[in-house]
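Please read the structure below before turning to the comments.
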Amino acid sequence: ELADLIVVNKADGELLPKARHTSTDYRHALQLLRPKYPFWSPKVLLCSSLPKENSTMDASIVKVWDAVCEFKEKLYATGAVNAVRRTQREQMMWREVQSQVLSLCEESERDSAVAREIQQVVVQLQDFFIKLNTIIAHVYPI
């Protein structure tokens, strides 16, 4: 899954050059990927938890929080958050359906006729996917 924000920590002291190099690597990698949302390109930020002089917090932490807030605002402003939540609800529903089907299968083991019927359907599905894979491989050879 594509990240919405990448934060490279330890961007201080002796590790600062390595953190910069890492953030550059991430930026280059992100250029190869399509953004998840049309309104947002994932950001790569450097961060340090060590406070600067006369400060209780490094400014990089504030920048990270600002980026999180900016992303959240855009998610809500565009309505994308509703689509994300809908997808999550659908995934939860299918996980529940799968769980219930598995429970029925376990219970049906006691009823050998139902268990045999389920087994036949599974075998037919396996055969179908094997044939489908063969057709696809023939049409689109690797």
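The values are calculated or read from the model by the stated rules, or taken from the named source; none is laboratory data. Computed from a predicted structure; not experimentally measured. Here the Cβ is made from the backbone with ideal geometry for all residues, glycine too, and neighbour counts use every protein chain on show. Note: accessible area is taken over every heavy atom of the protein model, side chains too, but ligands, DNA and RNA are not part of it. Shrake-Rupley method; radii C 1.70, N 1.55, O 1.52, S 1.80 Å.
Among the listed pairs 10/63; 10/36; 10/43; 52/74, give every one whose C-alpha distance is greater than 19 Å. Over 19 Å apart, Cα to Cα: 10/36; 52/74. Extension gain for residue 133-residue 99 works out to 9.5 nm (0.36 nm per residue, less the C-alpha to C-alpha distance).
Remark on residue 8: its backbone amide H falls under 5 Å from those of 45, 46, 47, a criterion applied only to residues 5 or more positions apart or on other chains, H modelled at 1.01 Å from N. Taking semi-axes √(5λ) of the Cα gyration tensor in Å as calculated from this structure, the corresponding entry among (i) 33, 20, 11; (ii) 34, 13, 12; (iii) 48, 22, 17 is (iii).
Against the criterion of solvent-accessible heavy-atom surface with a 1.4 angstrom probe, 43, 10 sort, most first, into 10, 43.
Length available on full extension from residue 50 to residue 81: 0.36 nm per residue minus the Cα-Cα distance, which gives 7.8 nm. The modelled label-to-label distance between residue 32 and residue 63, using points 7 Å beyond Cα along the C-beta direction, is 2.5 nm.
Over the residues of the chain, the helix contribution to mean residue ellipticity at 222 nm works out to -23000 deg cm²/dmol, using -39500 (n - 2.57) for each DSSP H run of at least 4.
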